[in-house]
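The values are calculated or read from the model by the stated rules, or taken from the named source; none is laboratory data. Quick caveat, the model's predicted, so the values are computed rather than measured. Here the Cβ positions follow ideal geometry from the backbone for every residue, glycine too, while neighbour counts run over all protein chains shown. To get the accessible areas, we keep the full protein, side chains included, count just its heavy atoms, and leave off ligands, DNA and RNA. Shrake-Rupley method; radii C 1.70, N 1.55, O 1.52, S 1.80 Å.
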Amino acid sequence: MAGVSPLAPARFPELPPIAGVRLAAYAAGVRYHGRTDLMLAELAPGSTVAGVLTRSTMPGQPVIWCRECLPGGKVRAIVVNSGNANVFTGRAGRQVVESTAATAAGLFGCAPGEVFISSTGVIGEPPPADRISAALPKVVPLLAAEAWEPAARAIMTTDTFPKGATATAQIDGATVRLNGFCKGSGMIAPNMATMLAYLFTDASLPVSVMQPLLAASAETSFNSMTVDGDTSTSDTLLLCATQQARHAAIVSADDPRLADFRRALDEVCVDLAKQLARDGEGAEKFVTIEVSGAESDRAARHIGLTIGNSPLVKTAITAGDANWGRIVMAVGKAGEKADRDRLSIAVGGVQIAVEGGPVPGYDEGPVAEHMAGREIRIAVDLGIGSGRATSTAPTAAEPAF
């Protein structure tokens, strides 16, 4: 494995236990040797689940399985293997999923449809169903409430560090907790990435509330970052609620008592999404692109991601060159409503262009110093509306051209 990304956090965060959640990691020999490659999460009976899955028209068998299970709204176990993605594997891949679900269902006394499955790794080879099924009974005794980091490490492929985040919130006076971990390094673009992400809360929430909250949070986090512009076949984001917290019943996603929970969910999702961008394959710089004054939030997000995905912009950033003309190019390439004579651009807080032209005599020194650093901030104001969005992207060690 390559060295740890220079943009990695100092350490994996301290994720406290969540009532109704236990996890474990195991070396099942799916593909790797000498490391864990199987993650098992057990959820308390009655736990609910919401999900956002890849929009790829070539989804893997685990994604198809999760899509079939989500309408049931219940989860008792999540099984994830790394090494083989179980994508483009036909009937053999479906049999792996069914076998895994049946084995886990037998261990936890639940229906197979309450077992959610993910796979990540190479495409075109089904994971060895016999190894996974044989390993699961051995994993159950290892389940522990504190095993967040081992679980996060077990699902890594080309990742250089495990990714986790946590937050607390108040619902009607009761404290609830959110923990999450994810994996992803390459094939990362909106519509999520080669990304697997699992969020857990002890809140007592029905699926009808969780699903719109999760979908909205995904838009402003995982769907607002990019690494390479490619969309994976395996993207999976699940939110599980164990119903263990004691608070008043919530029946609508619009309930004002959910405001703090919504904040915490967004906080965890954005934290994890930023870690994915920081672990982009070959990443050397972390770029935050703030777009304001757009026709709509959707337009702002599209413009930001177009800037982040531009090979020419990435090349300029990698070279430490504040070539704002390339940013103008990317704004125009996005095809959203724009007015050249209202466009403003700032890099590192220094205004470079305003009202469609360069700022006369702006000081290049602070901009050059900023561009030489690891953390790059680009701000674009279109000056035509109230739409705004923040996108993130890394740049690689070598220029694109």
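With respect to T103, determine if the residue is open to solvent by less than 50 Å² (accessible area, probe 1.4 Å), part of a helix (DSSP H, G or I), closer than 23 Å to V21 by Cβ and of a type in the set (S, T, N, Q). Taking the combined requirement at face value, the residue satisfies it. Note on the stretch 55-69: residues that are at pLDDT below 90, closer than 17 Å to N84 by Cβ and surrounded by fewer than 23 Cβ atoms within 10 Å (Cβ to Cβ) total 2.
A quick yes/no check of all residues on (1) open to solvent by less than 50 Å² (accessible area, probe 1.4 Å); (2) under 21 Å from the mean Cα position of the chain (by Cα); (3) over 30 Å from A8 (Cα atoms); (4) not aliphatic (A, V, I, L, M):
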residue	(1), (2), (3), (4)
T306	yes, yes, no, yes
N309	no, yes, no, yes
G332	no, no, yes, yes
A338	no, no, yes, no
D341	no, no, yes, yes
S344	yes, no, yes, yes
G349	no, no, no, yes
E369	no, no, no, yes
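You will find that of L276, L239, the residue that is of a type outside the set (D, E, K, R), within 23 Å of T54 (Cβ to Cβ) and part of a strand (DSSP E or B) is L239 and no other. Is it the case that some residue within the stretch 1-19 is buried (at least 21 other Cβ atoms within 10 Å of the Cβ), within 22 Å of the chain's Cα centre (by Cα) and at pLDDT below 95? So far as the stretch 1-19 goes, yes, one or more of its residues are buried (at least 21 other Cβ atoms within 10 Å of the Cβ), within 22 Å of the chain's Cα centre (by Cα) and at pLDDT below 95. Is one or more of the residues making up the stretch 245-266 under 23 Å from V63 (Cα atoms) and not basic (K, R)? Yes, the stretch 245-266 contains a residue that is under 23 Å from V63 (Cα atoms) and not basic (K, R). Of all the residues in the stretch 283-302, those that are farther than 17 Å from A330 by Cβ and open to solvent by less than 10 Å² (accessible area, probe 1.4 Å) number 2. The test for being under 23 Å from the mean Cα position of the chain (by Cα) and either at pLDDT 90 or above or assigned to a strand (DSSP E or B) (or both) holds for V291.
Cβ-Cβ distances below 6 Å connect the following pairs, each with a first residue in the stretch 328-344 that is farther than 9 Å from I303 by Cα, a second residue that is of a type in the set (G, A, S) and open to solvent by 30 Å² or more (accessible area, probe 1.4 Å), and a separation of six or more residues or different chains: R340/G356; D341/G356; R342/G383; L343/G356.
Out of L15, L7, one residue alone is of a type in the set (A, V, I, L, M, F, W, C) and either outside any loop (DSSP other than H, G, I, E, B) or within 29 Å of M210 (Cβ to Cβ) (or both). It is L15.
Taking the stretch 303-401 as the region of interest, the helices (runs of 4 or more DSSP H) fully inside it that hold 3 or more residues being touching a Lys or Arg at 6+ places or on another chain (Cβ under 8 Å) and of a type in the set (A, V, I, L, M, F, W, C) are 311-318.
The residues listed here are V270, V354, V251; of these, the one that is among the hydrophobic types (A, V, I, L, M, F, W, C), closer than 23 Å to M195 by Cα and open to solvent by 30 Å² or more (accessible area, probe 1.4 Å) is V270.
T166 falls short on exactly one of the conditions (1) at pLDDT below 90; (2) polar (S, T, N, Q); (3) farther than 27 Å from V87 by Cβ, and that condition is (1).
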